[in-house]
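First up is the structure itself, then whatever we jot down about it.
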Amino acid sequence: MRGHLVVDGVTDKGRGWHLDSGSLKRVIDSIPDPERRTVMQAFHNALLQPPVVRNDSRLGEMKLYINIDDSLPRKLNTIVMRKPLMKVRAYTNTSITAKYAAVLECSSPQGNRILRGMEPVRHDDWQAARDKQNGKAVLRSIKKFILEELRKRVRRELGDEITIKGLNTLLPSELQIDGNPDRHGVRASNGPGSERESASLQGRETTPEPVANTGGKSVNITLTKPAVTDEDGSPASTGRQRGGQAKRGKHVAGIPATGRSDDGASAIDGSNLSMRYWYDAKSGDYILVLRSRSGDTEKGALRLTAALDGTFGNYTPPIETAVDISGATPRPLDVKEGSISTVKVTSKRPTKLRVHIKGGIRLQLGVK
């Protein structure tokens, strides 16, 4: 990443290969194993982000690189390293439910000296018992730094999660979190059922068998809207997988896709974007978080749609104002006929917009 490491080698077929900071992304993208490639891309994207820097009284400067990406197959946790910039181990934060990949670097002279003394001969862990004076305090500082910054980044990019403790005890057995109906609530009584008309059918009218609630662990639940289809039967994704499948210039709202590429007037193809959003009840605005699925920078007009009666059709939400709040200074955007102009979405970090819809109405939004 910084140009310090250059590797030359020869394949088993006698062909030479060269790896440096300029060819690193191409090499990662060419990894044949899709799971390994996804993991490497996630941590590479994390290192492309501006780091969060904190100075510790014992370790000196620490840097944390964070990539929040809900398109990842799972949470990849935090890799930690010191001055040689080689992975020592990974730390897991069970309280963070978002999918992310992060890298912690502590390469100051004093930090490198302390952490090296806490490593076993295999250099695959930091053990507090190996440094009676600093060990516990150092690990506590590192873990606190990682947890605090992950929480801040998740809250800023994805919004607050709605947590409903005990909801799993009220769900039907087929929706239980762990798939085991015997661990939660009350099991329905046995029997073929009664023919008497009723609001619910639980079997014969016998006494339900109570099942002890062993608790399990608390689970954060994020409410998202299900995917639906438009009036032509084409999929129009909502919730975590936003961005419809409509072709440019043929979308249901009939807004012409005019203008030259990258001039801010051409319409962004919704299939190249993913979108998450939530409604800010205090301001009456929607907060949109956009990412590029294509890996390229997408520029142009963003076209929103909304579902009526659970189906995406010809309705275009009456957008009044839109502001890009991704950076330190908010950037007002032009709005015309339901399109938000001069939107820029990169692959390096998400684009965050604040959108106000006339009357503050609450809608199920999607991207065309």
Might you let me know whether the range 323-334 holds any residue that is within 30 Å of LEU48 (Cβ to Cβ), of a type in the set (Ser, Thr, Tyr) and touching a residue at least 12 places away in the same chain (Cβ under 8 Å)?
yes
On the basis of being aliphatic (A, V, I, L, M) and on the phi > 0 side of the Ramachandran plot, does LEU85 make the cut? yes
Scanning the range 114-153 for residues that are in a helix (DSSP H, G or I) and open to solvent by 70 Å² or more (accessible area, probe 1.4 Å) gives ARG116, ALA129, ARG130, LYS136, ARG140, LYS143, LYS144, ARG151, LYS152
In the range 51-75, residues that are outside any strand (DSSP E or B) and touching a strand residue (DSSP E or B) at 6+ places or on another chain (Cβ under 8 Å) total 7
Taking first residues from the range 93-112 that are hydroxyl-bearing (Ser, Thr, Tyr) and second residues anywhere that are assigned to a loop (DSSP other than H, G, I, E, B), the pairs with Cβ under 6 Å that are 6 or more apart or on different chains are THR97/ASN220; SER107/LYS83
Counted residues in the range 70-86 being charged (D, E, K, R) and open to solvent by 30 Å² or more (accessible area, probe 1.4 Å) come to 3
Pairing a residue in the range 118-131 that is without any contact (Cβ under 8 Å) to a residue 12 or more places away in the chain with any residue that is open to solvent by less than 30 Å² (accessible area, probe 1.4 Å) and in a loop (DSSP other than H, G, I, E, B), where Cβ atoms lie under 8 Å and the two sit 6 or more apart in sequence or on different chains, gives GLN127/MET118; GLN127/GLU119; GLN127/PRO120; ALA128/MET118
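The values are calculated or read from the model by the stated rules, or taken from the named source; none is laboratory data. Since this is a predicted model, take the numbers as computed values, not measurements. Every residue, glycine as well, gets a Cβ built from its backbone with ideal geometry; the counts of neighbours run over all protein chains shown. Keep in mind that these areas ignore ligands, DNA and RNA; they rest on the heavy atoms of the full protein, side chains included. Shrake-Rupley method; radii C 1.70, N 1.55, O 1.52, S 1.80 Å.
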